Amino acid sequence: MKRSAEELLEEISDFLVIYLKSGQVGINSFLKKTDLPISQMDQLLKVHFLLKDEVKQFVRELPKLIKRFKTSTTLKQETYHGLVKGQINWNRTINDRFRINAKDKTIFSANERNREYAIKENLVLLEVVQTLYTILFREVDSNYLEKYAWFKEWGVLKSIVSNTLYKNIYLSRVRMVKGRVTDRMILDTLKHRNPLYRSAASILQQYRKLLYGEIDEQEVQTLLRETFVYPKEVDVLFELYWVVKLIEENTENADLQLMDGRNNLVAQWSDDYCLYKVYHDSTGSNQIKFHISTDELKEHEHPFISRRLSSIEEADTTAKKLFNQSFDTKTYWSGRPDILVEMYDKKTNELLKVVIGEVKHTNRIEYAITGLRELVDYMKLVQDKNGLFLEDKMELQGILFTGRVDEEENRVNNLSIGEGRDGISWCVD
């Protein structure tokens with residue numbers, strides 16, 4: 001029976017809360033496989049922030065709350081010649097005339113009141129509204145996300161954010177002043193009696209904590225649930241589950257690093273002798289390749305191969321005539337494993353071993369066998385950068401990851417990837 005998304009989330013959230021807090025594990029490659037227009041971890045965190053009930057409630061009430069916008073008044077004393085602004089201060093006027101020119105009766109000292117807009121609480125409010133606007137209109141594809149029921153309300157709420165930022169005359173005056181919002185200012189504003197500012201400070205504090213990695217297990221579960229639990233994405237969560245299990249099994253003192261996602265490198269660590277690199281949905285580094293060209297096959301004489309290559313060329317020629325389109329005729333076979341581990345000698349940087357994992361979120365034997373065939377293809381056909389088959393020169397370990405199927409007594413639930421382990425094993429959740 002397949003494990004539910006909730007069970008998978010519970011299994012891996014303990015692990016992820018540690019590494020998401022420290023920014024030490026990247027799951028960008030998993031995000032790219034979901035149906036969401038999100039490719040980076042920081043984008044996921046920001047969408048998670050938008051989905052918080054407190055954030056949505058704040059924006060819903062913003063048109064009403066903004067009417068309680070607060071300013072402060074400062075009293076400024078100025079000396080004028082002729083024209084007077086404000087209330088005349090006669091005592092100071094007499095003193096100024098004696099000091100400047102006792103005969104000049106056009107000298108006046110007046111108390112002028114000025115309204116201050118860029119006060120502490122308004123700077124906090126402005127940063128919250130600007131943050132929401134930036135996320136919604138610049139950093140995530142909110143138009144696409146609105147097709148999901150869980151994000152649909154933001155189709156209405158984002159116009160409130162935009163109008164508040166650009167059409168509210170008071171907030172526009174705050175925008176004219178460049179002021180930095182410190183954590184101390186947020187803490188002070190949290191105590192404000194005005195709910196407009198109190199809520200703004202609370203939301204901004206939560207946002208900063210999220211970006212600083214101050215996140216607990218429950219928040220990680222919510223974060224992953226929002227991203228992976230939708231029907232198309234449970235398979236992606238299952239892949240993440242096995243990557244986590246693989247890392248947990250093979251590292252005691254994990255020194256994982258956040259990667260840039262260009263080659264879907266999820267994590268790496270080292271022990272006394274070896275460096276390990278874990279990839280997801282990737283062909284790995286430039287030391288290996290999962291690709292066989294048609295030119296390589298032309299070197300071998302066999303009726304089947306000749307006819308197969310002829311078939312590719314004829315199909316390409318026909319496609320050009322019928323559809324004015326071509327396709328790749330240079331690739332005979334290519335692959336992209338779900339999980340890939342490369343193991344290197346720390347001193348020489350020589351590639352010592354490759355572990356290939358194929359993940360099938362299924363409890364059906366037929367589908368598991370499909371995964372097994374793909375896995376064996378990867379192991380037989382993967383080459384080094386010089387075009388030599390790896391199977392002939394180093395250890396290769398293959399692991400098939402599935403749900404529980406009928407004949408599971410033959411499985412080997414050992415995720416160790418050290419030297420001396422090769423061949424194919426089967427792991428079920």
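Data overview
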| item | result |
| --- | --- |
| From the options Phe304, Phe327, residue that is outside any helix (DSSP H, G or I), surrounded by fewer than 18 Cβ atoms within 10 Å (Cβ to Cβ) and at pLDDT below 90 | Phe327 |
| Identity of the residue in the range 100-158, of a type in the set (Lys, Arg) and within 20 Å of Ser172 (Cβ to Cβ), that ends up surrounded by the fewest Cβ atoms within 10 Å (Cβ to Cβ) | Arg138 |
| Residue among Val156, Val129 that is under 23 Å from Gln205 (Cβ atoms) and in a helix (DSSP H, G or I) | Val129 |
| Residue that is in contact with a Lys or Arg (Cβ under 9 Å, 6 or more places away or on another chain) and in a helix (DSSP H, G or I), where the choices are Asp316, Asp295 | Asp295 |
| Residues of the range 318-350 classified as out of contact with any helix residue (DSSP H, G or I) (no Cβ under 7 Å at 6 or more places or on another chain) and farther than 26 Å from Gly371 by Cα, total | 14 |
| Residue match in the range 346-359 (condition: β-branched (Val, Ile, Thr), over 21 Å from Ala267 (Cα atoms) and in the same structural domain as Asp271 (by TED's automatic domain parsing)) | no |
| Leu240 vs. criteria touching a Leu at 6+ places or on another chain (Cβ under 7 Å) and at pLDDT 70 or above | no |
| Residue among Lys232, Lys245 that alone is surrounded by 17 or more Cβ atoms within 10 Å (Cβ to Cβ) and either at pLDDT below 85 or not polar (S, T, N, Q) (or both) | Lys245 |
| When residues of the range 339-391 are limited to those that are acidic (Asp, Glu) and part of a helix (DSSP H, G or I), the one farthest from Ile247 (Cα to Cα) | Glu366 |
| Residue within the range 372-382 that is more than 17 Å from Ser285 (Cα to Cα), touching a helix residue (DSSP H, G or I) at 6+ places or on another chain (Cβ under 6 Å), in contact (Cβ under 8 Å) with a residue 60 or more places away in the chain and buried (at least 18 other Cβ atoms within 10 Å of the Cβ) present | no |
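The values are calculated or read from the model by the stated rules, or taken from the named source; none is laboratory data. Predicted, not measured: the structure shown is a model, and the values here were computed from it. Cβ: placed from backbone, ideal geometry, glycine included. Neighbour counts: every protein chain shown.
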